[in-house]
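This report concerns only the one structure given below.
No lab work stands behind these numbers, since they all come straight from the coordinates. Quick caveat, the model's predicted, so the values are computed rather than measured. Note: ideal-geometry Cβ built from the backbone for every residue, glycine included; neighbour counts use all protein chains shown.
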Amino acid sequence: MGLFDKFKSIAVEREALMDQLGILPFNVEIEEILTPTTARISGREVLLAGTNNYLGLTFDPRCIEAACSATRAEGTGTTGSRMANGTFAGHLALERELAEFYSCTKAIVFSTGFVANLGVISTLTGPGDVLLIDSDSHASIYDGCRMSGADIIRFRHNNPADLEKRLRRLGDRANNTLIIIEGIYSMLGDRAPLAEIVELKKNYSASLMVDEAHSLGVLGHKGQGLVEEADCLEDVDFIVGTFSKSLGAIGGFCVSNHPELDLVRYATRSYLFTASPSPATVASVRQALRILASGLDLRERLWQNARHLYDGLAQLGFTLGPEPTPVVAVYMESKEATLFGWKKLLEQGVYVNLVLPPAAPEGKSLLRCSVSAVHTHEQINHIIKAFSAMSADISL
Amino acid sequence: MSRAGYDEILAEVKKLLARFGKSREEIDEDAELVNDLELDSLLVMELVQEVEDMFDISFPLNDLSGIHTLKDFVLQIQKEIGA
């Protein structure tokens, strides 16, 4: 068997998708990005309804200006890792500001959210330790777990009773266990039952990490995420997150009150051996974090839009994710219906995420929508109308 | 664990597989879970969860990579029960 034989099935699938849709859904070219909520695809303007631009900050003039100024002052890149020549004053300032934002003592900034999970998980745990992860965890969590060498045990999604069974079975090993959950799960948009999980973590003397990738800037009065909304900030050992969603850039972080987090940076390969975030990125994230922290109005608009879309699609009879959040997952009856529906929506000028098994939980197929604070009321109505027309087409 | 223990576990796993649409007659202990029984990755994970509940064990994902046949699976369950 040759190196490339394993890609044959992908080639067949890709060809079939191209024949069926006339466009490759997992490699769509955004020809021009027009605003935080609109772009040009295949020569026409479409409404973006599947980005993670929850607060719509990608075009915020203050963030753009910060990025431009930093580029002029410090250049386009650091050309080095944090350990070598890639720690500028801005990186350390951002770490201080993140620690302050979460009222934590320690913070580390990474080059992406993916490598933050990869690095922190694989460094904190090793052979002999146990990782107890929600079955719907993001790929970066699974990959970090695999790299660690620790025993990886899944518990049923958002099911504290199932988690408790597994903690009980571990006996004394629970002391060496890191539980990992997410604030809002990226595919179904549901929140973790954090307060119950914190109780279990305490009862069994385990440690707990919360990935706030999709909940930073979305949940809580200050926008800290599920840890704030559930009033559990002090009981969570590690919070990881990304700059590529509500903060509108790219990068990742981990904050903690464990002083040892500062030592983790010296042992984390995905921190030590990759270039640090560019000055432009750091500057725009610092500005975006200030806006996020003071942006209650943005969160209110985001939630208005989330409820508007969720209610509108529910009224049309679609089966949706368990609760209204800015991630609105629409269950489709089959893979074929999902592909057809995705294309119909695009033809009506609405671009959503196509999610096919195994990316979606339980082998389901989804059309994943997400809303932004800067979607207008009319734009949300447009999305609902497009789903209505798509549904009618499927029924024909 | 004894051969008797192995046989008991095998019988229970075969019962579970029947719930996944695999008739007990067609299931040989040398059958490969993926190639012969046509269990995709999601079904394998479901099967593991059912086995975990049935035997009150937790099955590390790390151990799955070495499991190809039903016999491998049953031996690993035996090991987890004895651990």
Original post:
Given 37 °C and 0.692 mPa s, how large is the Stokes-Einstein diffusion coefficient of chain A in µm²/s, with Rh as the Kirkwood radius over Cα pairs?
Top reply: 149 µm²/s
Original post:
Structure shown: which of A:Lys364/A:Lys385; B:Lys15/B:Lys71; A:Lys335/A:Lys364; A:Lys165/B:Lys22; A:Lys165/A:Lys201 lie over 19 Å apart, alpha-carbon to alpha-carbon?
Top reply: A:Lys364/A:Lys385; A:Lys165/B:Lys22
Original post:
Please identify the GluC sites (Glu not before Pro) of the range A:275-368 that satisfy two criteria: DSSP loop assignment and at most 14 other Cβ atoms within 10 Å. Which are they?
Top reply: A:Glu333
Original post:
Once phi is turned into ³J(HN,Hα) by the Karplus curve 6.51 cos²θ - 1.76 cosθ + 1.60 with θ = phi - 60°, what whole-Hz value does each residue of the range A:264-277 show in order, with x for glycine and proline?
Top reply: 4, 4, 7, 10, 9, 5, 6, 9, 6, 10, 9, 5, 6, x
Subject >> Over chain B: helical MRE at 222 nm, DSSP H runs n ≥ 4 each giving -39500 (n - 2.57), nearest 500 >> reply: -17500 deg cm²/dmol
Original post:
If you project the alpha carbons of the range B:3-82 onto their three principal axes, what span does each projection cover, largest first, in Å?
Top reply: 29, 27, 20
Subject >> Contact order normalised by residue count of chain A, Cα under 8 Å, 6+ apart, percent >> reply: 22 percent
Original post:
Measuring from centroid to centroid over Cα atoms, what is the spacing of the range A:321-361 and the range A:362-380 in Å?
Top reply: 9 Å
**OP:** Tell me the GluC sites (Glu not before Pro) within the range B:30-83 that lie in a loop according to DSSP and have at most 14 other beta-carbon atoms within 10 Å.
**Re:** B:Glu38
**OP:** Measure out, as a whole number of angstrom, how far apart the alpha-carbon centroids of the range A:136-206 and the range A:6-66 sit.
**Re:** 32 Å
Original post:
Given labels modelled 7 Å from the Cα in the Cβ direction, how far is it in nm from A:Ala93 to A:Lys8?
Top reply: 5.7 nm
Original post:
If you plug each phi of the range A:133-138 into the Karplus form 6.51 cos²θ - 1.76 cosθ + 1.60 with θ = phi - 60°, what whole-Hz ³J(HN,Hα) values come out, in order, with x for Gly and Pro?
Top reply: 10, 5, 5, 8, 4, 5
**OP:** Would you mind calculating the gained length between A:Asp235 and A:Ser103 on full extension (0.36 nm times residue separation, minus the Cα-Cα distance), in nm to one decimal?
**Re:** 46.3 nm
Subject >> Theoretical FRET efficiency, 1/(1+(r/R0)^6), r = Cβ-Cβ of B:Lys15 and A:Ser205, R0 35 Å, to 0.05 >> reply: 0.40
Original post:
Which of the lysines could a cross-linker bridge to A:Lys222, judged by Cα under 21 Å and excluding same-chain residues fewer than eight apart?
Top reply: A:Lys106, A:Lys245
Original post:
Where the centroid of each part is defined by its Cα atoms, how far is the range B:32-83 from the range A:246-320 in Å?
Top reply: 37 Å
Original post:
When the helix-only estimate is applied to chain A (DSSP H runs of n ≥ 4, each -39,500 (n - 2.57), divided by the residue count), what is the mean residue ellipticity at 222 nm, nearest 500 deg cm²/dmol?
Top reply: -13000 deg cm²/dmol
**OP:** Sticking with the crude label model, points 7 Å out along Cα→Cβ, report the distance from A:Arg169 to A:Ala314 in nm, one decimal please.
**Re:** 3.5 nm
Subject >> 3J(HN,Hα) from dihedral phi, the range A:115-124, Karplus parametrisation 6.51/-1.76/1.60, rounded to Hz, x for glycine, proline >> reply: 6, 5, 5, 4, x, 5, 5, 6, 8, 5
Original post:
Which chymotrypsin sites (Phe, Trp or Tyr not before Pro) from the range B:7-83 combine a DSSP loop assignment with at most 16 other Cβ atoms within 10 Å?
Top reply: B:Phe20
Original post:
Relative contact order, percent, of the range A:60-294 when contacts are C-alpha pairs under 8 Å separated by at least 6 residues?
Top reply: 31 percent
**OP:** Could you list which residues have their amide H under 5 Å from that of A:Ser111, counting only those 5 or more apart in sequence or on another chain, with H placed in the peptide plane?
**Re:** A:Gly252
